[in-house]
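Colleague: Got a structure for you, written out below as structure tokens; questions coming shortly.
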Amino acid sequence: MAIFPLSSNFEGDFVIQLVVVDDASTMDEVAATCAVHSVNRRVAPQPGKVMRVRRHSTGEVYPRDMQVKSAGLLPTETIDVIFSDI
Amino acid sequence: MSKLASNEYYDLVRTTNWTPRYVDEAELFPEMMSGARGIPAEAWETFDEPYKVTYSDYVATQREKDAGAYSVKAALERANYIDSADPGWVSTLQAHYGALAVAEFAAATAEARMARFSRAPGNRNMATFGMLDEMRHGQIQLFFPHEHTKRSRQWDWAHKAMHTNEWAAVAARHMFDDMMFTRDSVSVAIMLTFAFETGFTNMQFLGLAADAAEAGDHTFASLISSIQTDESRHAQQGGPVLKILIENGKKDEAQKMIDVIFWRAWKLFSVLTGPILDYYTPLEHRKQSFKEFMQEWIIGQFERQLNDLGLDLPWYWDEFVRALDETHHGMHMGVWFWRPTVWWNPAAGASPEEREWLESKYPGWNATFGRCWDVITENLQKGREELTLPETLPTICNMCNLPVVGTPGDGWNVKDYQLVHEGRLYHFGSEVDRWCFEQDPARYQGHMSVVDRFLAGEIQPQNLAGALLYMSLNPGEIGVDAHNYAWAGVGKQSHAAE
Ligand SMILES: [Fe+2]
Ligand SMILES: [Fe+2]
């Protein structure tokens, strides 16, 4: 358990933002943390969709239950959070 | 007594190179300060400034300029224009003064570097006047806002901003330090006077002077027009220096300096001038859009000047032209959303009428930036002000030190240009910002952005209150919405900072 800073690039938002998560968090939990700073602030919610995390530099979509520490991300590295049907 | 006309002696009296006897040339003009780049003294002596002025003429003219600007101020002081001015215009003035007054005073140091260390006698002569110009610009722009400090503490930021860790001040200093304080005399002539002053100060001062006249702020209009007459004179030092570099086989080096600093200046003006012209200035007083000003002053004039000198457009020109529809809209939304962290009260500029204007000037605005403003507006209408305020920091570009922004909504394209250099991950808001870093990593790599400082624990406590403390923003200085959310069609709301 250790804190892990990431940069959140949220679909539909205009800016990338700092989020601090736990390295044991799953990608679903990361997406939820990112959403706090974008959804209902500058991005309208999309009911029925799931929020998926992908690596910004490669576009690789991470499994929803993958933990941050297993994703090979650098501290403060940028992730995209996108609305997805699955 | 008869007096020679100045054109009969000017060339002779400014031929001030001599052969030193007590030290050698390299001691008199250290390369680090002079930057002669191996170009011989005779070549530098060909420097020929297009605008020639003698000291006595200079002093007489400057005295008249000062007398003009100060008398307009004195005559209008009793009218208390500021008390009835639109709050968006007040914010414009406060942002302008804080970002520029002390920086202009500092520019005297850059001019002094040329005045002492340039190998070109004509450059040394002109820079002496430039140095005096910048002292005047510092003093006059500290004096004019001073009378308003009784109105609010935000006016005091004309003096205070550059001495704080407020993020916009950090960004401005990073750029000014790069351009003015840490370069040799030749680089200063090219980066400060040619790239920055010819292009961008022209736009800030002429663009704002036009809006000021429209807004009825004759004091400010006469002040900045007065300053601009000096800028357009001393900006002419860069051209002759570039000519000498190009004639002596240094075109590539000159081109790179222009390419780096032009982009850096663009980013700074995208956060300073962009929001002012397109969002803060009351709709009825907007002369042209920011993009139109950029097209006229930068695309038109700067492009022609580069051409005349035999230089190329910066390699990223297409991207620059594209970004005219994007960057400053993002910077504006960032400044507004993080409004507690600036020393002025940002005007949202997003009422239905203003949005119509934005859509006409920037087709597609409603479906992109407008989407975010839709959510913000609805939150304000439903009394959810807390959702219109930040609970974290934006990711900051390690070159421009401004937020990493892009187009939201239907055109979502926000991108972070990352780079791992010597084990550290850097973030950049554009390919060009990253390119600037890569041209000289040793120059930039040690700098910590505000986010880097936050993560290193330098900002305590690690929350908004700690950040405001770190930025020296006290109650009464912290930015709030300039119009109390009237633009969103809501009545009086309580201010977040109260
Ligand atoms: Fe100046
Ligand atoms: Fe200047």
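The values are calculated or read from the model by the stated rules, or taken from the named source; none is laboratory data. The structure displayed is predicted, hence computed values, not measured ones. Every residue, glycine as well, gets a Cβ built from its backbone with ideal geometry; the counts of neighbours run over all protein chains shown. Each accessible area value is taken on the protein alone, full model and side chains, heavy atoms only, with ligands, DNA and RNA left out. Shrake-Rupley method; radii C 1.70, N 1.55, O 1.52, S 1.80 Å.
Colleague: Looking at (1) of a type in the set (Phe, Trp, Tyr); (2) in contact with a helix residue (DSSP H, G or I) (Cβ under 8 Å, 6 or more places away or on another chain); (3) farther than 24 Å from B:Glu284 by Cα, which is the only condition B:Trp344 fails?
Modeller: Here B:Trp344 meets the rest and fails (3).
Let's see how each residue does on (1) under 14 Å from B:Ala168 (Cα atoms); (2) touching a residue at least 40 places away in the same chain (Cβ under 8 Å); (3) crowded, with 24+ Cβ neighbours inside 10 Å:
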| site | (1), (2), (3) |
| --- | --- |
| B:Glu326 | no, yes, no |
| B:Gly330 | no, yes, yes |
| B:Val335 | yes, yes, yes |
| B:Trp338 | yes, yes, no |
| B:Trp344 | yes, yes, yes |
| B:Ala348 | no, yes, yes |
| B:Tyr362 | no, yes, no |
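Colleague: Could you give me the residue pairs with C-beta distances under 6 Å whose first residue belongs to the range B:189-205 and is of a type in the set (Val, Ile, Thr), whose second residue is within 10 Å of ligand 1 (Cβ to nearest atom) wherever it lies, and which are 6+ apart or on separate chains?
Modeller: B:Thr193/B:Ala235; B:Thr198/B:Ala235; B:Thr201/B:Glu231
Matching residues to (1) away from ligand 2 (no atom under 16 Å from the Cβ); (2) open to solvent by less than 10 Å² (accessible area, probe 1.4 Å):
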| residue | (1), (2) |
| --- | --- |
| B:Gly130 | no, yes |
| B:Asp133 | no, yes |
| B:His137 | no, yes |
| B:Phe143 | yes, no |
| B:His148 | yes, no |
| B:Gln154 | yes, no |
| B:Val170 | yes, yes |
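Colleague: Considering A:Ser70, A:Ser57, which residue is over 26 Å from B:Leu389 (Cα atoms) and within 11 Å of chain B (Cβ to nearest Cβ)? Spell out the reasoning first.
Modeller: Details: A:Ser70 fails: within 11 Å of chain B (Cβ to nearest Cβ).
Only one candidate qualifies: A:Ser57.
Colleague: Does any residue in the range A:3-19 that is more than 7 Å from every other protein chain (Cβ to nearest Cβ) come within less than 6 Å, Cβ to Cβ, of a residue that is open to solvent by 10 Å² or more (accessible area, probe 1.4 Å) and not hydrophobic (A, V, I, L, M, F, W, C) six or more places away or on a different chain, and which pairs are these?
Modeller: A:Phe4/A:Asp23
Colleague: Something else now. Return yes when A:Arg64 is touching a helix residue (DSSP H, G or I) at 6+ places or on another chain (Cβ under 7 Å), at pLDDT 95 or above, more than 14 Å from every other protein chain (Cβ to nearest Cβ) and in a loop (DSSP other than H, G, I, E, B) and no when it is not.
Modeller: Yes; evaluated as a whole, the condition is true for this residue.
Colleague: Let me ask you something else. Condition first: within 11 Å of chain A (Cβ to nearest Cβ) and surrounded by fewer than 16 Cβ atoms within 10 Å (Cβ to Cβ). Now tell me which residues in the range B:368-388 satisfy that.
Modeller: Listed by number, the residues that qualify are B:Glu378, B:Lys382, B:Arg384, B:Glu386.
Colleague: Among the helices (runs of 4 or more DSSP H) contained in the range B:315-410, which hold 2 or more residues that are closer than 27 Å to A:Thr76 by Cβ?
Modeller: Result: B:317-323, B:327-337, B:369-381.
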